[in-house]
Amino acid sequence: MKIGLDQIHFATSDYFLDMAKLAQARGEDPNKYLIGIGQSKMAVIPPSQDSVTLAANAAAPLLTPALRSEIDTVIFASESGIDQSKSGAVYLQDLLQLPNTIRAFEVKQACYSATAAIQFAMGYIALHPTRKVLITASDIARYGLHTAGEPTQGGGAVAMVISANPHIIAFDPDSTVFTENIMDFWRPNYATEAMVDGHYSGHMYIDFFQDVFQRYCQQKQLHLADFAALAFHLPYTKMGLKALRAVLPTTDDTTQKRLLDNFEASRHYSRQVGNLYTGSLYLSLLSLLEQATTLKAGDRIGLFSYGSGAVSEFYSGHLQPDFKAALGNLDQVLAQRTEVTIPTYEKLFTTSLPTDGSALKFQTFINPQRYYLAGIDQHQRQYRRPQ
Ligand code: HMG
């Protein structure tokens, strides 16, 4: 039985920052951000959006009446959770008006957890082939103003439906995994911004990639040339390019050109949004499938998932005959966003919810056609559905 990705949809905020303008404001050469980091625009997430509303906005367009009755599990993958106890998945079940007869829970391991959710879903569907699993990978990447990590912020959510006989990509059941306790990136419970050893994290990303990729190829008797494309977790788009370049010398010129061309397609959306943490690999996959011009049914796509701390996994799948029909073109959606100035971005970045139980209602940066956070009252977030 084939099991894999049946549907996918992405949502981010309505606002973005121009990276060349951020570079100028920080006294950096714009090419450091545009070429050296590989980012052109960065999603700016207003306080009226959080990991729950981003996930709801990503998932809602997928939910036809038929799908609503087939989904029996919702997994909320995030490292921007809003509660230490209650899962974002329960808020999502309510906001999306999904039946009460589903299970809903949250998973966390930095940027890796959506991959863990997919692996869980595949095993679950193997036992229950008629069921479908909704996974949302939703985060807001925050490092802080005037930090080295600032140009690698961003945010958004990818919603995915995993099922038997998928429309987009059928995953092979095998994968290779590597876990090691390292301090490359972490966020203690009391911190609202990540702590990071930036250069070390980049080296670890490449080391972990080479380990899981080489073991995967050995186990399955595959070579780089057997992959039509590789999709990477993209904390910033240059990071994936560096990992790809680490393995390219093992293959011929034709394969190198194909993988580099497809890498450009895979980073097209992330370049305009920034890091999504858990969702980044899957935005890269979406971008690859929508933007690449030479992919065809049957092609093998490799996926590299990395979550700091750190856990990595490599797996792959084959494109299905009608995969294009299940996709759209995100460029049109991203083009409708509004640019914010540096002072507005900084104000939005530093706005926070009260933590003493007092009430706050957001009056601005609200789009009533989306799910949004209206404010907080007595320590309870007040969510609104689209009007
Ligand atoms: P930095 O130290 O300010 O930048 O921070 P740099 O000096 O290393 O320069 C960056 C690149 O720009 C370099 O290229 C420069 O040469 C180039 P590279 O050597 O890397 O190829 N450059 C220029 N290029 C063209 N024209 C110019 C120019 N000037 C310089 N004029 C750093 C960079 C990535 C360290 C920082 O932004 C950071 O700490 N980011 C956050 C950490 C991160 O994203 N790590 C990635 C791996 S870990 C991961 O993926 C997990 C994560 O997503 C979290 C999770 O799992 O939850 C982060």
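The values are calculated or read from the model by the stated rules, or taken from the named source; none is laboratory data. Fair warning: this is a prediction, and the values are worked out from it, not measured in the lab. Cβ: placed from backbone, ideal geometry, glycine included. Neighbour counts: every protein chain shown.
Brief remarks follow.
- Of the candidates Leu54, Leu34, Leu22, the single residue that is within 16 Å of the ligand (Cβ to nearest atom), assigned to a helix (DSSP H, G or I) and either assigned by TED's automatic domain parsing to the domain that holds Pro188 or within 17 Å of the chain's Cα centre (by Cα) (or both) is Leu54.
- Residues in region 265-306 that are in a helix (DSSP H, G or I), among the charged types (D, E, K, R) and away from the ligand (no atom under 16 Å from the Cβ): Glu290 only.
- Region 97-117: number of residues that are more than 16 Å from the ligand (Cβ to nearest atom), buried (at least 18 other Cβ atoms within 10 Å of the Cβ) and within 23 Å of Leu276 (Cα to Cα): 1
- Residue under evaluation Ala194, criteria (1) farther than 30 Å from Arg215 by Cα; (2) surrounded by fewer than 20 Cβ atoms within 10 Å (Cβ to Cβ), criterion not met: (2)
- Leading residue by the ranking (farthest from Thr350 (Cα to Cα)) among those in region 156-185 that are more than 9 Å from the ligand (Cβ to nearest atom) and among the aromatic types (Phe, Trp, Tyr): Phe171
- Filter result (out of contact with any helix residue (DSSP H, G or I) (no Cβ under 7 Å at 6 or more places or on another chain) and assigned to a helix (DSSP H, G or I)) within region 319-340: Lys324, Ala325, Ala326, Asp331, Gln332, Val333, Ala335
- Within region 342-363, being in a loop (DSSP other than H, G, I, E, B) and in contact (Cβ under 8 Å) with a residue 40 or more places away in the chain holds for Thr351, Ser352, Leu353, Phe362.
A quick yes/no check of all residues on (1) β-branched (Val, Ile, Thr); (2) touching a His at 6+ places or on another chain (Cβ under 6 Å); (3) within 23 Å of Arg385 (Cα to Cα):
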| residue | (1), (2), (3) |
| --- | --- |
| Gly4 | no, no, no |
| Ile8 | yes, no, yes |
| Leu17 | no, no, no |
| Ile35 | yes, no, no |
| Val52 | yes, no, yes |
| Pro65 | no, no, yes |
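- Taken over region 81-111, the residue count meeting the criterion of being out of contact with any Asp or Glu (no Cβ under 7 Å at 6 or more places or on another chain), not in a strand (DSSP E or B) and not small (Gly, Ala, Ser) is 15.
- The criterion of being in contact (Cβ under 8 Å) with a residue 40 or more places away in the chain, of a type outside the set (Asp, Glu) and closer than 25 Å to Ile3 by Cβ holds for Phe209.
- Residue pairs meeting the criteria (Cβ under 6 Å; at least 6 apart or on separate chains; first more than 18 Å from His199 (Cα to Cα), in region 299-313; second more than 10 Å from the ligand (Cβ to nearest atom) and among the hydroxyl-bearing types (Ser, Thr, Tyr)): Arg300/Ser316; Gly302/Ser316; Leu303/Tyr315; Ser305/Thr115; Glu313/Thr115; Glu313/Ser175
- Scan of region 201-239 for residues that are near the ligand (Cβ under 9 Å from one of its atoms) and either part of a helix (DSSP H, G or I) or more than 25 Å from the chain's Cα centre (by Cα) (or both), ordered by number: Ser201, Gly202, His203, Met204, Tyr205, Ile206, Lys238, Met239
- Residue that is farthest from Tyr124 (Cα to Cα), among those in region 59-109 that are out of contact with any strand residue (DSSP E or B) (no Cβ under 7 Å at 6 or more places or on another chain) and of a type in the set (Lys, Arg): Lys86
- Residue within region 121-133 that is without any contact (Cβ under 8 Å) to a residue 40 or more places away in the chain and in contact with a helix residue (DSSP H, G or I) (Cβ under 9 Å, 6 or more places away or on another chain) present: no
- Extreme residue, farthest from Ala194 (Cα to Cα), among residues of region 118-142 that are surrounded by fewer than 23 Cβ atoms within 10 Å (Cβ to Cβ) and among the hydroxyl-bearing types (Ser, Thr, Tyr): Thr130
- For region 240-264, a residue qualifies if it is within 11 Å of the ligand (Cβ to nearest atom) and either of a type outside the set (D, E, K, R) or touching a residue at least 24 places away in the same chain (Cβ under 8 Å) (or both), and the qualifying residues are Gly240, Leu241, Lys242, Ala243.
- Residue in region 186-200 that is nearest to the ligand (Cβ to nearest atom), counting only those that are free of Cβ contacts under 8 Å to residues at least 40 places away in the same chain and assigned to a helix (DSSP H, G or I): His199
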